Amino acid sequence: MSLVLEPRPPVTTPVEGGGAFPVRRIFCVGRNYADHAREMGADPDKEPPFFFTAWAETIAADGDKIAYPPATQNYHFEAELVVAIGKGGRDIAVSQAMDHVFGYACGLDMTRRDLQAEAKKQGRPWDVAKNVEQSKPLGPIRRADGFDPARGRITLSLNGETRQEASLSDMIWPVADIIACLSGFYRVEPGDLIYTGTPAGVAAVRPGDTVRVEIEGLPTLSVTIGGPAKD
Ligand code: MN
């Protein structure tokens, strides 16, 4: 049967050293660093981390100018380690979870904080706050071999000034636990990306800003904030 619309090309993102990673779905972890949970008014000792989702089409690449989205006055950066899944599975054991990782990248989970605050207050879903065009930039994916996601610094700078700084060891759920837990809700699939949560220090961006995410051992991610999307 013929298609009645032009099919979209696959969403892909570069792999360091060559090739492209086909992105299937995006999962994000909420409140995976205690200091960020507290700055959001939550108690990390009482509420464990949790998942939310975004479309694959919301990715952007290193060097991109990302549009300032409509319907917000408070668009925030969140620096995050991104896990790229290479092998699928359901009910994955923590001890087996790292076998499912293809690689890692520096990422940003850009957030309409004003809409998120309103959604929390009203008990509504977070989609319009989190699942935003160009809101999930990631740097080149480095293959997993030799990278230890349980250590190393994660830092974010805004126009050259450090605004977020933590150790990956501060994550409440380490990467293996995230994969194991997620695979209890969904069959994890090759091509899935997992944004693993952000440390404290989140704040607003303005058009013209440069946001840079660095994680020891991974290629850097740098994006600039543009004006409103025009098309
Ligand atoms: Mn986040």
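Output wanted: per-residue J couplings in Hz (rounded whole) for the range 167-181, from phi through Karplus 6.51 cos²θ - 1.76 cosθ + 1.60, θ = phi - 60°, x for Gly and Pro.
With the stated coefficients, the range 167-181 comes to 9, 4, 5, 7, 4, 5, 9, x, 3, 4, 5, 4, 5, 4, 5 Hz.
Would you mind telling me which residue in PRO125, PRO219, PRO49 has the biggest mean-square fluctuation in a Gaussian network model of the chain, where springs connect alpha carbons within a distance under 10 angstrom?
Ranking PRO125, PRO219, PRO49 by mean-square fluctuation puts PRO125 first.
With the Cα gyration tensor of the range 111-175 giving a ≥ b ≥ c as the square roots of its eigenvalues, does the rule (a/c under 1.5 for rounded; else a/b larger than b/c for prolate; else oblate) give rounded, prolate or oblate?
Prolate shape, in that a/c is at least 1.5 and a/b is the bigger ratio.
Calculated from DSSP H runs of 4 or more alone, at -39500 (n - 2.57) each and per residue, what is the 222 nm mean residue ellipticity of the chain, nearest 500?
-3000 deg cm²/dmol
On each of the three principal axes of the Cα atoms of the chain, give max minus min coordinate, whole Å, ordered largest first.
Result for the chain: principal-axis Cα extents of 54, 42, 37 Å.
Which residue, chosen from SER157, GLY226, THR196, occupies the Cα position most advanced towards the positive end of the dipole of the range 13-228, where the dipole is computed from +1 (Lys, Arg) and -1 (Asp, Glu) charges on Cβ about the Cα centre?
GLY226
Cα to Cα, under 27 Å, and not fewer than 8 places away if on the same chain: which lysines meet these conditions relative to LYS136?
List returned: LYS65, LYS87, LYS120, LYS121, LYS230.
Report the percentage of all Cα-Cα pairs in the range 157-229 whose separation exceeds 19 Å, rounded to a whole percent.
Looking at the range 157-229, the distances longer than 19 Å represent 51 percent of pairs.
Could you report the accessible area of MET98 in Å², rounded to 10, computed with a 1.4 Å probe on the protein chains as they sit in the structure?
Its accessible surface works out to 80 Å², give or take rounding.
Just the Cα atoms of the range 91-148: what Rg and Dmax do they give in Å?
For the range 91-148, the Cα radius of gyration and maximum Cα-Cα distance read 16.2, 45 Å.
Please give the per residue accessible area of the chain, computed with a probe of 1.4 Å over protein heavy atoms only, in Å².
I get 48 Å² per residue for this part.
Would you work out the charge dipole size for the chain about its Cα centre, treating the Cβ of every Lys and Arg as +1 and the Cβ of every Asp and Glu as -1, and quote it to the nearest 20 debye?
For the chain, the charge dipole is close to 420 debye.
Which residue, chosen from VAL82, VAL15, LEU182, occupies the Cα position most advanced towards the positive end of the dipole of the chain, where the dipole is computed from +1 (Lys, Arg) and -1 (Asp, Glu) charges on Cβ about the Cα centre?
Towards the positive end, the residue furthest out is LEU182.
Round to a whole number: what % of the accessible area of the range 73-162 belongs to carbon and sulfur, probe 1.4 Å?
The value for the range 73-162 is 45 percent carbon and sulfur by accessible area.
Relative contact order for the range 13-228: what is it in percent, counting Cα pairs under 8 Å that are at least 6 residues apart?
Answer for the range 13-228 is 34 percent.
The values are calculated or read from the model by the stated rules, or taken from the named source; none is laboratory data. The shown structure was predicted, so the numbers you read here are calculated from the model rather than taken from an experiment. Every residue, glycine as well, gets a Cβ built from its backbone with ideal geometry; the counts of neighbours run over all protein chains shown. Remember, those area values only see protein heavy atoms, side chains included, never the ligands or the DNA or RNA. Shrake-Rupley method; radii C 1.70, N 1.55, O 1.52, S 1.80 Å.
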